[in-house]
Amino acid sequence: MGNQRHYRTGSGLEGTAGLNAINVGDTPTFERGNSRSHIDITWATNDITERVQDWKVLRGEFFTFHNHIYFEITNKIECRRRTKRVRRFLDKARFVQMKKNQFSPSEEKTSPSEFIDRLSRINRECTISVAEEHRDVPYWWNGDVEWTQRNVLLRVASAFRTVSASALQTITGILPIDLMVQERAALYLQDGDDKRLREEARQQSLEARQARWNSESVKAQWTKHLIKDIKAWVMCAQRRGRPGGTQKV
């Protein structure tokens with residue numbers, strides 16, 4: 001880190017806290033008269049350390065004894081593209097009819113391998129594939145953004161870490177990030193300083209959140225059973241400040 005002296009305390013901190021010092025070079029970070037020191041240390045976690053580039057100390061007149069530190073963090077998060085999901089359905093009526101035609105009572109017994117082959121062929125012919133598009137999301141939206149919001153909402157709601165992001169967004173009354181961005185972008189394009197425009201934009205966001213909440217079929221089912229109307233829950237003044245309320249819903 002530029003300093004000629006190494007202390008065991010700093011090495012111990014770097015090892016136990018899971019942090020890495022990313023200082024490079026021998027330019028001092030603190031200068032006062034003839035005194036030079038490297039007391040300003042930049043710490044980063046393992047995943048951030050790999051993304052730090054061009055760390056350096058800037059020297060100049062900054063009206064302080066501490067020199068400015070400059071570095072860049074590269075963004076390696078790939079944006080998720082809009083993809084299609086294929087759902088397969090079995091045509092039960094056609095399956096039953098083909099099964100009767102293929103396996104007649106008067107037919108002699110078939111071998112297990114032949115039976116499996118014929119049944120597999122019937123299943124393939126009776127399966128209907130339907131391509132469905134995922135919900136329309138911005139190009140920058142990905143799981144990391146939702147994960148970040150979820151970590152924040154866990155503390156806002158004082159919830160266990162097993163609670164899903166959808167349930168946390170509903171309990172706290174906070175919109176998903178993509179809906180918040182769309183709402184503010186719409187207000188910006190409309191120069192939305194008017195209170196009526198803000199209310200209309202929020203109403204549209206709540207309707208989109210309600211539609212997404214109604215389509216939720218895997219996670220947050222108990223919360224969905226208790227909180228059916230998103231707008232009514234958000235406007236409710238009694239949803240805040242209840243000890244243990246998050247654990248109940």
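The values are calculated or read from the model by the stated rules, or taken from the named source; none is laboratory data. Since the model is a prediction, treat every value here as computed from it, not as a measurement. Here the Cβ is made from the backbone with ideal geometry for all residues, glycine too, and neighbour counts use every protein chain on show.
Observations on the model:
- All positions within the range 227-247 that are under 17 Å from Val163 (Cα atoms), surrounded by 11 or more Cβ atoms within 10 Å (Cβ to Cβ) and at pLDDT below 85: Gly245, Thr246, Gln247
- Among the residues making up the range 184-198, those that are surrounded by 11 or more Cβ atoms within 10 Å (Cβ to Cβ), over 24 Å from the mean Cα position of the chain (by Cα) and assigned to a helix (DSSP H, G or I) are Leu187, Leu197, Arg198.
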